[in-house]
Amino acid sequence: MDRREVLKRMSLTVLGTLLVKPTNLFAAVESGSGSDLGLFRQSRVMMGGIPVSMTVAAERKKDADRALKAAFAEIEDLERLWSIYRPDSEISRLNAAAGRKPVTVSSQTRRLIEEGMHVHSLTEGGFNMALGPAIALWNVMDAPRIPSKGELNRIRPLMRADSVQLDKTSEQVFLSKKGMKIDPGGIGKGLISERAKVILKGHGMQGGLIAAAGDIVVFGKKPNGTPWRVGIQHPRRKNKLLASLDVSDMSVSTSGDYERYFIKKGVRYHHILDPKALAPAWTSRSVTILSPSGRHADALGTGLFVLGPERGMSILKKEGLEGVIIDADGRLHASPKLKARVKFHL
Ligand code: AMP
Ligand code: MG
């Protein structure tokens with residue numbers, strides 16, 4: 001990592017403490033009993049300031065350590081592929097080749113883009129990985145500012161998702177217009193958590209919980225045989241949970257307007273952009289999606305945040321998934337099954 005990268009990361013981490021509210025905490029996992037398995041947990045700050053925690057159920061600490069080391073290494077590999085702060089990452093190379101030539105990508109990057117395109121159409125354009133130029137202009141992460149209408153209109157033609165062309169057989173991706181930029185922020189953490197799960201299972205872990213900020217994936221059971229308990233952060237009450245859910249083999253992904261934001265003249269400008277307005281989406285405060293697929297839960301959460309509660313709940317129903325949306329006025333919209341089994345603290 002060169003010096004610029006180190007400084008960039010440091011500034012992101014510092015900024016993180018200023019702008020990033022404690023995100024979706026997962027409730028403490030109590031020690032196991034009734035089996036020979038124990039719980040082992042490690043946490044790191046990765047990907048420029050994102051807290052990543054992993055808890056596994058294993059018989060021996062030695063095995064747990066080995067599995068956790070491999071899973072964290074996998075995340076570092078994916079970060080090297082997808083970081084928009086590394087000029088040599090696959091996503092940066094793809095962005096740099098926009099309008100010039102297709103780029104051959106790894107199967108992980110293909111998966112990321114394929115799912116992004118799928119959720120783009122599912123969310124009627126609400127999820128759009130091609131928003132990179134607008135995300136860079138708003139720069140909520142580094143140096144927040146409100147771009148002018150003229151600036152936004154000038155880059156609008158660069159954000160058509162159908163200008164992202166994926167050739168599945170050759171694993172090549174072409175961004176057809178110069179200046180286009182893919183931003184993996186709305187889907188990457190879900191896929192990363194999902195990959196960490198595959199590695200932990202491959203190392204013989206019988207249960208585990210991976211949390212990359214608000215993207216949580218659980219598998220198997222806790223040592224005492226009970227499901228994992230996942231907490232959903234309340235979008236307005238600091239360090240308070242909106243709900244706790246018991247889940248097994250599931251991904252729980254939350255998108256919120258409280259994660260990265262700034263307030264100017266009483267208006268909350270946050271990091272999830274409405275692709276039509278090219279401004280923060282003001283239809284929701286938070287969206288939580290449950291799906292067996294981490295990447296699907298992640299992308300869908302971001303996309304439905306943009307669409308808001310009415311379209312959002314109807315798409316969830318069509319998809320047969322559970323979820324909860326807190327709308328712009330703080331009202332709760334939960335799928336019927338979730339409402340029946342979970343107590344929400346509004
Ligand atoms: P999440 O926390 O998963 O909702 O992801 C938010 C991140 O996704 C932002 O910080 C941006 O990097 C990116 N993003 C913002 N708006 C969108 C959008 N409408 N579609 C896809 N990605 C987005
Ligand atoms: Mg997301």
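Which strands (runs of 3 or more DSSP E) does the range 250-346 wholly contain that include 2 or more residues that are surrounded by 23 or more Cβ atoms within 10 Å (Cβ to Cβ)?
Result: 250-256, 284-291, 322-327.
I289 fails exactly one of the following numbered conditions: (1) away from ligand 2 (no atom under 12 Å from the Cβ); (2) in contact with a Leu (Cβ under 7 Å, 6 or more places away or on another chain). What is the number of that condition?
Answer for I289: the failing condition is (1).
Give the residue that is farthest from ligand 1 (Cβ to nearest atom), with candidates limited to residues of the range 214-235 that are open to solvent by 10 Å² or more (accessible area, probe 1.4 Å) and polar (S, T, N, Q).
N224
Could you look through the range 41-60, keep only residues that are among the hydroxyl-bearing types (S, T, Y) and farther than 17 Å from P223 by Cβ, and pick out the one that is surrounded by the fewest Cβ atoms within 10 Å (Cβ to Cβ)?
S43
Being open to solvent by less than 40 Å² (accessible area, probe 1.4 Å) and within 15 Å of ligand 1 (Cβ to nearest atom) is the requirement here; does L200 meet it?
Spelling it out, it is not the case that L200 is open to solvent by less than 40 Å² (accessible area, probe 1.4 Å) and within 15 Å of ligand 1 (Cβ to nearest atom).
So which of G185, G256 is in contact (Cβ under 8 Å) with a residue 40 or more places away in the chain, within 20 Å of L321 (Cα to Cα), of a type outside the set (A, V, I, L, M, F, W, C) and within 16 Å of ligand 2 (Cβ to nearest atom)?
Of the residues listed, the single one that is in contact (Cβ under 8 Å) with a residue 40 or more places away in the chain, within 20 Å of L321 (Cα to Cα), of a type outside the set (A, V, I, L, M, F, W, C) and within 16 Å of ligand 2 (Cβ to nearest atom) is G256.
From the list A143, A130, exactly one residue is open to solvent by less than 40 Å² (accessible area, probe 1.4 Å) and either out of contact with any Ser or Thr (no Cβ under 9 Å at 6 or more places or on another chain) or within 16 Å of ligand 1 (Cβ to nearest atom) (or both). Which is it?
That would be A130, the only listed residue that is open to solvent by less than 40 Å² (accessible area, probe 1.4 Å) and either out of contact with any Ser or Thr (no Cβ under 9 Å at 6 or more places or on another chain) or within 16 Å of ligand 1 (Cβ to nearest atom) (or both).
Write out, first by first residue and then by second, each pair whose Cβ atoms fall under 9 Å of each other, whose residues are 6+ apart or on separate chains, and whose first residue, in the range 322-346, is under 25 Å from G294 (Cβ atoms) and among the hydroxyl-bearing types (S, T, Y) while the second is at pLDDT 95 or above and surrounded by fewer than 14 Cβ atoms within 10 Å (Cβ to Cβ).
Hits for this filter: S335/K317.
Of K178, K168, which residue is farther than 20 Å from I84 by Cα and either out of contact with any helix residue (DSSP H, G or I) (no Cβ under 8 Å at 6 or more places or on another chain) or modelled with pLDDT under 95 (or both)?
K168
Could you say which residue among A243, A211 is part of a strand (DSSP E or B), under 22 Å from G308 (Cβ atoms) and either open to solvent by less than 10 Å² (accessible area, probe 1.4 Å) or in contact with a Ser or Thr (Cβ under 8 Å, 6 or more places away or on another chain) (or both)?
Within the list A243, A211, the selection yields A243.
Suppose we keep only residues that are assigned to a helix (DSSP H, G or I) and among the hydrophobic types (A, V, I, L, M, F, W, C) within the range 180-202. Which one would you say is nearest to D298 (Cα to Cα)?
Of everything passing the filter in the range 180-202, L191 is nearest to D298 (Cα to Cα).
Name the one entry in D298, D257, D274 that is modelled with pLDDT of 95 or more, in contact with a strand residue (DSSP E or B) (Cβ under 9 Å, 6 or more places away or on another chain) and closer than 21 Å to P133 by Cβ.
D274
In the list G320, G330, which residue meets the criterion of being more than 10 Å from ligand 1 (Cβ to nearest atom) and out of contact with any strand residue (DSSP E or B) (no Cβ under 7 Å at 6 or more places or on another chain)?
After ruling out the rest, the residue left standing is G320.
In contact with a strand residue (DSSP E or B) (Cβ under 7 Å, 6 or more places away or on another chain) and assigned to a loop (DSSP other than H, G, I, E, B): which single residue out of A98, A130, A134 fits that description?
On inspection, the qualifying residue turns out to be A98.
Hey, could you check the range 61-70 for residues that are surrounded by fewer than 17 Cβ atoms within 10 Å (Cβ to Cβ) and in contact (Cβ under 8 Å) with a residue 40 or more places away in the chain and say which is nearest to A196 (Cα to Cα)?
Going through the qualifying residues, I end up with A70.
For the range 101-127, name all the residues that are open to solvent by 50 Å² or more (accessible area, probe 1.4 Å) and either part of a loop (DSSP other than H, G, I, E, B) or aliphatic (A, V, I, L, M) (or both).
K101, P102, M117, E124
So is D298 away from ligand 1 (no atom under 11 Å from the Cβ), within 30 Å of K221 (Cβ to Cβ) and of a type in the set (D, E) or not?
no
Restricting the range 156-190 to residues that are within 14 Å of ligand 1 (Cβ to nearest atom) and of a type in the set (V, I, T), which is nearest to P51 (Cα to Cα)?
Among those residues, the one meeting the criterion is I187.
Filter the range 88-114 for residues that are polar (S, T, N, Q), touching a residue at least 24 places away in the same chain (Cβ under 8 Å) and more than 17 Å from L158 (Cα to Cα) and give the result.
If the condition is that a residue be polar (S, T, N, Q), touching a residue at least 24 places away in the same chain (Cβ under 8 Å) and more than 17 Å from L158 (Cα to Cα), then T104, S106, S107, Q108, T109 are the ones that fit.
The values are calculated or read from the model by the stated rules, or taken from the named source; none is laboratory data. Small disclaimer: the values here were computed from a predicted structure and weren't measured. We place every Cβ from the backbone using ideal geometry, glycine too, and count neighbours over all the protein chains shown. We work out accessible area using only protein heavy atoms, side chains counted, and drop any ligands, DNA or RNA first. Shrake-Rupley method; radii C 1.70, N 1.55, O 1.52, S 1.80 Å.
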